[in-house]
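To keep things clear, I will list the structure first and then write my remarks on it.
The values are calculated or read from the model by the stated rules, or taken from the named source; none is laboratory data. Source: prediction; values computed, not measured. Because the Cβ atoms are built from the backbone with ideal geometry, glycine has one as well, and the counts that use them run over all protein chains shown. To get the accessible areas, we keep the full protein, side chains included, count just its heavy atoms, and leave off ligands, DNA and RNA. Shrake-Rupley method; radii C 1.70, N 1.55, O 1.52, S 1.80 Å.
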Amino acid sequence: MRILVTGGAGFIGSNFVRRMATRPDVDMVTLDALTYAGNLDNLEGVAGRHTFVRGDICDADAVTKAMDGADAVVHFAAESHVDRSIATSAPFIRTNIEGTRVLLEAARECRVRKFVHVSTDEVYGSLGATGYFTEESCLAPNSPYSASKAGSDLLARAYCETYDLPVVITRCSNNYGPYQFPEKLIPLMVIHALEGRELPVYGDGGNVRDWLHVADHCSALEAVLHAGVAGEVYNIGGRNERTNLEIVKMILYIMGRDESLITFVKDRPGHDRRYAIDASKMERELGWTPAYDLERGLTETVAWYVAHREWWESILSGAYREYYERQYGVEL
Ligand code: NAD
Ligand code: TYD
C-alpha cells in the first residue's frame, strides 16, 4: 500500500509515520510545508520506505505530484493551535479549508481508495457538566480553528456524497505524547516546570479535556485506514477526562515539584468548557481500544521531554531553523 501522509512532520503525523514505517507492506510519502510546527527532527530515524517532500497542500501541482500512485491519503496537515487562530485566523482558513479542498480534488483525479480526514472533537463545540460527543452530535465550533476544521469536515463529506470519493472522517480528543510542539498545554507545562517558570493556567483551570496518548490515536487511525467504512465518521477518545488544573498538578507530582508555580491567567476568549468523547463506535465496529492509561502515558511523556531537552530547546531558540537550512538546504 502506498500512502500519502500530509503534515507528517508535525506532532501526530510524525508519530503515525514512525508507526507505519514498521509495516512491511507500506510505502509512504510525507508532504509537509514545514511551517513553524513542522520539524524534520520529528522524522529522524524513520526507516522503511519513506520519502519526504516539502510542499504546501494548497499547491495543486505539488499535491498531484506527491499523490501520484497513492492508494490512500491520511490527511493531518493543518494549522492546529486555538490561541494562534484567535490571534489571526487567515492561515487556518487557507490551510484547513482550501488545502483540504485541493487534496480532495487531487484524490478524485488519482482515484485513491481511501481518504482519511483527521479531524477533532472540537468541531462539536462545548459540553456542559454531563453527556458525550457522539458521531451524531451537531457541529457547533467556537474558535476559528475548530470552525475551519468543521468546514474541512463538511467538504470531505460532500466529496464523498457528490463524487463517491471514499472519505472517512475521524474526530479525536486532545492528544499528548512525544514530539508535541511546546505551545500546547502538556509540553508547555512540563518545560515551564523544568525551568522553574510560572505555569499559566487559563481562567479557573476547570476546563475539561479528554486526553489520549498519541500512540493510541495512531493505532485508531491505522484501524480506520484498513477497515473504516467510506462515508462514516469515527470518534476517537480515551475516557480520560481531567480538568486542566488536575493535569497540571499531575505533571508537577510526577516531576516532584511543588504547586507554587501554578499561576491563574486571563481566560482564552470563547474557551470551550468541556470535551468528552463517546468512542464506542470505534470499539464496537473496528475493535479498537486504547493501550495507555493517563498516569503511565503522562509519566512517559514527562520522561521524554526531560530526555529530549535538545529537541525543544532548539525549537524555542529558533536554532532549528538555522539547523535545517544548513542540514537540508531548505530555507524556512
Ligand atoms: P501540528 O501543528 O503539530 O502539525 C501540523 C503539521 O502540518 C506540521 O508539520 C506543519 O508543517 C504541517 N502543515 C501546516 N500547514 C501546511 C500546509 N499548508 N501544507 C503542508 N503542510 C502543512 O498538528 P498536530 O497536533 O500533529 O495535528 C495534526 C492533525 O490532527 C490536525 O489536522 C489536527 O486538527 C488534528 N487533531 C489534533 C489533535 C491534538 O490534540 N493535537 C487532536 C485531534 C485532532
Ligand atoms: P491546548 O493544548 O491549546 O489544546 P486545545 O485548546 O485544542 O484543547 O489547550 C488545552 C487546554 O489547556 C485548554 O483548555 C486551554 C488550556 N491551556 C492553559 O490553561 N494554559 C496554557 O498555557 C495552554 C497552552 C492551554
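Structure above, values below:
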item	result
Qualifying residue in the range 31-52 (condition: within 11 Å of ligand 1 (Cβ to nearest atom), among the β-branched types (Val, Ile, Thr) and either within 20 Å of Phe115 (Cβ to Cβ) or surrounded by 20 or more Cβ atoms within 10 Å (Cβ to Cβ) (or both))	no
Residue that is farthest from ligand 1 (Cβ to nearest atom), among those in the range 54-69 that are under 25 Å from Arg157 (Cβ atoms) and within 22 Å of the chain's Cα centre (by Cα)	Met67
Residues located in the range 253-278, provided they are within 14 Å of ligand 2 (Cβ to nearest atom), of a type outside the set (Phe, Trp, Tyr) and touching a helix residue (DSSP H, G or I) at 6+ places or on another chain (Cβ under 9 Å)	Leu261, Ile262, Arg268, Pro269, Gly270, His271, Asp272, Ala276, Ile277
Residue match in the range 80-99 (condition: within 16 Å of ligand 2 (Cβ to nearest atom), part of a helix (DSSP H, G or I), of a type in the set (D, E, K, R) and open to solvent by 40 Å² or more (accessible area, probe 1.4 Å))	yes
The range 4-48, residues that are on the phi < 0 side of the Ramachandran plot and small (Gly, Ala, Ser)	Gly8, Ala9, Gly10, Gly13, Ser14, Ala21, Ala33, Ala37, Gly38, Ala47
The range 311-332, subset among the small types (Gly, Ala, Ser) and modelled with pLDDT of 65 or more, residue surrounded by the most Cβ atoms within 10 Å (Cβ to Cβ)	Ser314
Search result, residues across the range 110-125 that are touching a helix residue (DSSP H, G or I) at 6+ places or on another chain (Cβ under 8 Å) and either within 12 Å of ligand 1 (Cβ to nearest atom) or open to solvent by 80 Å² or more (accessible area, probe 1.4 Å) (or both)	Val116, His117, Val118, Ser119, Thr120, Glu122, Val123
Matching residues in the range 126-146 - criterion: being farther than 22 Å from Leu225 by Cα, surrounded by fewer than 21 Cβ atoms within 10 Å (Cβ to Cβ) and not β-branched (Val, Ile, Thr)	Ser126, Leu127, Gly128, Ala129, Gly131, Tyr132, Ser137, Cys138, Leu139, Ala140, Asn142
Whichever residue in the range 250-265 is in a helix (DSSP H, G or I) and open to solvent by 60 Å² or more (accessible area, probe 1.4 Å) and, among such residues, is farthest from ligand 1 (Cβ to nearest atom)	Ser260
Residue satisfying condition, being within 16 Å of ligand 1 (Cβ to nearest atom), β-branched (Val, Ile, Thr) and closer than 23 Å to Glu135 by Cα, within set Ile247, Ile236	Ile236
Given (1) within 16 Å of ligand 1 (Cβ to nearest atom); (2) closer than 23 Å to Thr120 by Cβ; (3) open to solvent by 60 Å² or more (accessible area, probe 1.4 Å), number of the condition His308 does not satisfy	(2)
Candidates Ala303, Ala276 - the one that is at pLDDT 95 or above, within 20 Å of the chain's Cα centre (by Cα) and more than 30 Å from Arg113 (Cα to Cα)	Ala276
Total residues in the range 171-198, condition within 12 Å of ligand 1 (Cβ to nearest atom) and of a type outside the set (Ser, Thr, Tyr)	14
Total residues in the range 105-152, condition within 16 Å of ligand 2 (Cβ to nearest atom) and either in a helix (DSSP H, G or I) or touching a residue at least 40 places away in the same chain (Cβ under 8 Å) (or both)	23
Segments classed as strands (runs of 3 or more DSSP E), wholly inside the range 159-246, with at least 2 members that are within 14 Å of ligand 2 (Cβ to nearest atom) and either in contact (Cβ under 8 Å) with a residue 40 or more places away in the chain or open to solvent by 30 Å² or more (accessible area, probe 1.4 Å) (or both)	167-172, 199-202, 208-210, 241-243
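Conditions (1) among the small types (Gly, Ala, Ser); (2) in contact with a helix residue (DSSP H, G or I) (Cβ under 7 Å, 6 or more places away or on another chain), marked per residue:
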| site | (1), (2) |
| --- | --- |
| Arg2 | no, no |
| Gly13 | yes, no |
| Phe16 | no, yes |
| Thr22 | no, no |
| Val26 | no, yes |
| Val29 | no, yes |
| Asn39 | no, yes |
| Asn42 | no, yes |
| Val46 | no, yes |
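Matching residues to (1) on the phi > 0 side of the Ramachandran plot; (2) not hydrophobic (A, V, I, L, M, F, W, C):
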residue: Leu154; (1), (2): no, no
residue: Tyr176; (1), (2): no, yes
residue: Glu183; (1), (2): no, yes
residue: His192; (1), (2): no, yes
residue: Gly203; (1), (2): yes, yes
residue: Asn207; (1), (2): no, yes
residue: Trp211; (1), (2): no, no
residue: His217; (1), (2): no, yes
